[in-house]
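Colleague: Handing you this structure, nothing more for now.
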Amino acid sequence: MLYSSSYSSSSRELGRENLQSPFQSLLFSPCKLQTLQSSYGNRDFWGFNFHSQNLAKSLNCSFRSTSSSSKIDKSLGKNVYSHTQKQRLNPRGARVFPGFKLQCHSRTVALPTKTSISRRKKKYSGVLPSILRALESENNIEDTLSSCGKLSPKEQTVILKEQSSWGRVLRVFEWIKSQEDYVPNVIHYNVVLRVLGRAQKWDELRLCWIEMAKNGVLPTNNTYGMLVDVYGKAGLVKEALLWIKHMKLRGVFPDEVTMNTVVRVLKDAGEFDWADRFYRDWCVGKVELGDFDLESVADSDDEIGSAPVSLKHFLSTELFKIGGRRPISNIMDSSNTDGSRRKPRLTATYNTLIDLYGKAGRLKDAADVFAEMLKLGVAMDTITFNTMIYTCGSHGHLSEAEALLTEMEERGISPDTKTYNIFLSLYADGGNIDAALKCYRKIREVGLFPDVVTHRAVLHVLCERNMVGEVETVIAEMKRSRVQVDEHSIPVVIKMYVNEGLLDKAKIFLEEHLLEDELSSRTRVAIIDAYAEKGLWAEAENVFIGKRDSGQKKDVVEYNVMVKAYGKAKLYDKAFSLFKGMRNHGTWPNESTYNSLIQMFSGGDLVDEARDILAEMQKMGFKPQCLTFSAVIACYARLGRLPDAVGVYEEMVRLGVKPNEVVYGSLINGFSETGNVEEALCYFRKMDEFGISANQIVLTSLIKAYSKVGCLEGAKTLYEGMKDLEGGPDVVASNSMINLYADLGLVSEAKLIFDDLRQKGSADGVSFATMMYLYKNLGMLDEAIDVADEMKQSGLLRDCASFNKVMACYATNGQLSACGELLHEMISRRILPDTGTFKVMFTVLKKGGLPTEAVAQLESSYKEGKPYARQAVITSVFSTVGLHAFALESCETFLKAEVDLDSSFYNVAIFAYGASGSIDKALKMFMKMQDEGLEPDLVTYINLAGCYGKAGMLEGLKRIYSQLKYREIEPNESLFKAIIDAYRSAKRHDLAELVSQEMKFAFDTQQCFHSESEHELDEPSPGL
């Protein structure tokens, strides 16, 4: 799916900001929420289960999960669902977590707490405020600074820090350096290097570093820590770590702030073990990165292309070579000469370590760090608790997370918006939407304000569950607060509306946000994909061609997802036209474009077009992957064009693309369908040569091949071998075996497999149909009917073929009424009858006693494809089996049609009305037929005779009989029988007997006449 995960606004995005060193004056978000692989599969909460001896002793705390439950309820609202209560309801009763309740005894000394650093702009005294205001309003920085008189180094530093862009920082710094009495200092260079690094101006940073070295300014711990930080944040992890090597070569040992920065960079890069190792080495006075494979560290995907130099180039440039060198005696940590283990003292360091171990799934280590904070008296802050809360909750220990919130408040540390964001995420992930919404509302209740992460998370939670009303309430609240919906959330909301079929609302919502701001290409892609997934190509097209800022061209991914939208709607011409025209708009197709088109055409059986695109793809220098080739091969095989499929296979092997099981499965299945066992086995052996294990699909295809040629032993061997696979033979393989046994008439063997499928609940429509076929062919009609009844009750009548099988079984057994009921069910479910269905229907009509002339007339109309001929057949079936209400309803369909009907349709209507007892309507239909200028035919007279008999209208019967007797109507056995039956219906058995004798005489005379004619023809001519 092209819908990027970055647009999913998952609750796991909460708190994405990284930990910053205290000297950077920035807040840390502890929870870059992500799924981590934990090596601790045991449900016992190692390290957080404070019944464990070491932690209980160190904390001197008692833990009561019941009190934690009640207090968290009080904190988040009375009705918030308690995870602890849920655990208490566990019927097994043995696995109840004790809770992470830091409820210290009164004799315990209160530990220090720390308030997070404020983001507010600093207030300065003296001349600084007026200088800063002047610089903001004036573009001539140099003249403004010159008019301020002499500035102290500290004032110069403040002015540098307060500039709004890296360009202005460089201009201020150049002015400062131009002063006669200026003495270069490391603080100024640190400020400039930080600004350039954050702006990712690597060339300017390099020049600044070189100048710093030329001026004899030695880099400090702050310098290296800052460089590691900016390179790490830019996703250039390798280069960030090289600064530590540089630092070591220059004899500078990292202080705690620098160490913390390195650990954070490694943590964010997913190098958890190396982050832990670096920390532990630092604690014993070492800095070791010698055996660390820097080439193995993955830079950020978004920044790889923007790396300033390659790794080897970086090592050889003056950027790495130059810089002041300290005396060699100072290389090791001077404060750790006695060999004792040093301990970090900064809250930020402990916060980073807790987050590190939590992300790595090392829960006991995270708990040990938390306990060490308590032991050493390190001040805790909101970040500490937020990190621990997320670590507990994200590993399934929500009761411990709730207890931490209670302890946090008891220590006088106020939860912040991020705290509630974390709980919102945890409750949502656990499916407790009510509790998640309470967290969202609680933010305002306690005087805080939802941030962009809050809104993104709550909208995602609600949209994912298609809770339209709640989503609209949240958006209305945002509008009242003059907060815009975050761009990442726009596709999520639109997808919800699309899923619920509220297309107008989706359109209005999108138009509102297009008025406010231009959408990025990635956002448009996500919106187009939301429509494409539902086959709404027109709506997707509107977004694709919609208005955008001048100069903003469509990204190739937009074209790719639009191709997908057309493909899902089977608008292959539009997709191909879009592909051909994209170059004219300055966008060139990429590998995904070609792959999408090839798979789209292949899926639509347009294999020649797919082959052409494949050739063009190779011509453009792209190497098709196995998935691309397999789509074309599968299409050729499906269409029976096996030589072409083999040609593509040989081409992919020649190009060095290794075929997978899908390729071989398609070829084997293709040859199996044609009964070419030798070729199927040939590719089976090639598959084995490539080291690809045969899966169920391939083995099933081979069984099918053996079944086609009636090779029982080969099929049995494979089938028995499939029993050793995980899950055993699938239903397709089993059905193939049943079919083979059915063809060979082996009832007991087929029944054994069929019964096994039924016992497993795996039997499908094909299984039942094959068994019905077997029983019916062997004359075991009772067993066939039992299978048909079971199939119907099992709800397996899902398509035309399955209905046909059961109806045919009922028809063979003479259960005509059941056939009619199935036909009505089929039509009610909008399953259109096919040729097989009509074949069964004509059988029902014949078995139901409809005159052969009437059946022949209906068959003729059906074969000629006359309008409403199918409806006439269906009407006749319903009337024949006694379902008169359905028959009359069906009859109305063609009678109300504005088309010219011939006599066959009026015959059906007369029959339907007459059979239902509506004689008046039947006779009116006859009169209408005459009014239309249509002459009655033999079938008309047969149907009229039936009507007259039921109504006791003897005069009408005598009229038809007279025409028949005096040969105004050609003598016909069916008409004679209809008149006889009509007289009997009118209780005139005497007249019925009279007509019976007349019929016998008429046909005896006719037979005698034909015999005499034949005899005359056989006599020799006189005189020969």
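Values quoted throughout were computed directly from the atomic coordinates according to the rules given, and no laboratory measurement underlies them. Not measured: the values here are computed from a predicted model. Please note: Cβ atoms are built from the backbone with ideal geometry, for glycine as well, and neighbour counts cover all protein chains shown.
Colleague: Which of Thr674, Thr347, Thr387, Thr587 comes first, and how do the rest follow, when ranked by fewest Cβ neighbours within 10 Å? It would help to have the intermediate numbers written out before the result.
Modeller: Working: Thr674 14, Thr347 21, Thr387 33, Thr587 17.
Lowest count first: Thr674, Thr587, Thr347, Thr387.
Colleague: Hand me the trypsin sites (Lys or Arg not before Pro) from segment 794-875 located in a DSSP loop with no more than 11 other Cβ atoms within 10 Å, in residue order please.
Modeller: Filter output for segment 794-875: Arg829, Arg830.
Colleague: Here is a further query. Taking a quarter of the surface of the Cα convex hull of segment 653-805, what do you get in nm²?
Modeller: Numbers: hull surface 40.3 nm².
The directionally averaged projection comes out at 10.1 nm².
Colleague: In what sequence, highest mean first, do 648-658, 398-408, 167-177 appear when ranked by Cβ atoms within 10 angstrom?
Modeller: On the way: 648-658: 14.9, 398-408: 26.5, 167-177: 17.9.
Packing order, densest peptide first, comes out as 398-408, 167-177, 648-658.
Colleague: Sticking with this one: Across every pair of different alpha-carbon atoms, what Kirkwood hydrodynamic radius in Å does segment 828-943 reach?
Modeller: 14.1
Colleague: Provide Rg and Dmax in Å for segment 602-655, with only Cα atoms included in the calculation.
Modeller: Cα-based Rg and Dmax for segment 602-655 come out at 10.3, 30 Å.
Colleague: OK, next. For an R0 of 56 angstrom, estimate the FRET efficiency from the Cβ-Cβ distance between Lys723 and Arg411 and round to the nearest 0.05.
Modeller: On the way: r = 63 Å, r/R0 = 1.12.
Efficiency for this residue pair is about 0.35.
Colleague: Moving to a separate point now. Which order do the peptides 659-668, 463-472 take when ranked by the mean count of other beta-carbon atoms within 10 Å per residue, highest first? Mind showing how you got there, number by number?
Modeller: Working: 659-668: 23.5, 463-472: 16.5.
Top to bottom by mean Cβ count within 10 Å: 659-668, 463-472.
Colleague: Would you please state which residues of segment 477-513 a label at Lys534 would reach in this model, taking the label point 7 Å out along Cα→Cβ and a backbone N cut-off of under 15 Å?
Modeller: 491-511
Colleague: At 7 Å along Cα-to-Cβ for each site, give me the label-to-label distance between Glu889 and Ile508 in nm.
Modeller: My value for the distance between the label points is 3.9 nm.
Colleague: May I pose another question? Ranked highest first by the average count of other Cβ atoms within 10 Å around their residues, in what order do 375-383, 150-158 fall? It would help to have the intermediate numbers written out before the result.
Modeller: Details: 375-383: 18.8, 150-158: 14.2.
Top of the packing list down: 375-383, 150-158.
Colleague: ³J(HN,Hα) across segment 377-393 via Karplus (A = 6.51, B = -1.76, C = 1.60, θ = phi - 60°), whole Hz, x for Gly/Pro?
Modeller: Per residue, the Karplus-derived 3J(HN,Hα) values read x, 6, 5, 8, 9, 4, 5, 4, 5, 4, 5, 5, 4, 5, 4, 5, x Hz.
Colleague: Along segment 147-153, what does the Karplus equation 6.51 cos²θ - 1.76 cosθ + 1.60 (θ = phi - 60°) give for ³J(HN,Hα), rounded to whole Hz, x for Gly and Pro?
Modeller: Karplus-based 3J(HN,Hα) across segment 147-153 equals 7, 8, x, 6, 10, 6, x Hz.
Colleague: Which whole-number percent is the relative contact order of segment 123-215 (Cα, under 8 Å, 6+ apart)? It would help to have the intermediate numbers written out before the result.
Modeller: On the way: 55 pairs, mean separation 20.0, N = 93.
Relative contact order comes out at 22 percent.
Colleague: A further question on this structure: Quick one: length gained pulling Lys658 to Ser748 fully straight, 0.36 nm per residue minus the C-alpha distance? Let's see the in-between values first.
Modeller: On the way: separation 90, 0.36 × 90 = 32.40 nm, distance 4.40 nm.
Extra length available between Lys658 and Ser748 comes to 28.0 nm.
Colleague: Right, next: Spin-label point model (7 Å from Cα, Cβ direction): what's the Glu372 to Arg280 distance in nm?
Modeller: 1.1
Colleague: What distance in nm lies between label points placed 7 Å from Cα along the C-beta direction at Val127 and Ser147?
Modeller: 1.3
Colleague: Among Leu519, Tyr572, Phe601, which residue has its Cα positioned farthest towards the positive end of the charge dipole of segment 518-640, with +1 placed on the Cβ of Lys and Arg, -1 on the Cβ of Asp and Glu, and the dipole taken about the Cα centre?
Modeller: Leu519
Colleague: If you find the alpha carbon centre of segment 945-990 and of segment 516-542, how far apart are they in angstrom?
Modeller: Rounded to whole Å, the Cα centres lie 72 Å apart.
Colleague: In addition: Say R0 is 56 Å: what FRET efficiency, to the nearest 0.05, do Glu970 and Gln759 get from their beta-carbon distance? Walk me through the numbers on the way to the answer.
Modeller: Values: r = 61 Å, r/R0 = 1.10.
The calculated FRET efficiency here is 0.35.
Colleague: What is the extension gain from Phe690 to Val483, computed as 0.36 nm multiplied by their sequence separation minus the C-alpha to C-alpha distance, in nm to one decimal? Don't jump to the answer; show the numbers that get you there.
Modeller: On the way: separation 207, 0.36 × 207 = 74.52 nm, distance 5.88 nm.
Roughly 68.6 nm would be gained on extension.
Colleague: Using the beta-carbon distance between Ala897 and Ser794 and R0 = 41 Å, what value does 1/(1 + (r/R0)^6) give for FRET efficiency, to the nearest 0.05?
Modeller: On the way: r = 38 Å, r/R0 = 0.92.
Step by step, r from the Cβ atoms, then E = 0.60.
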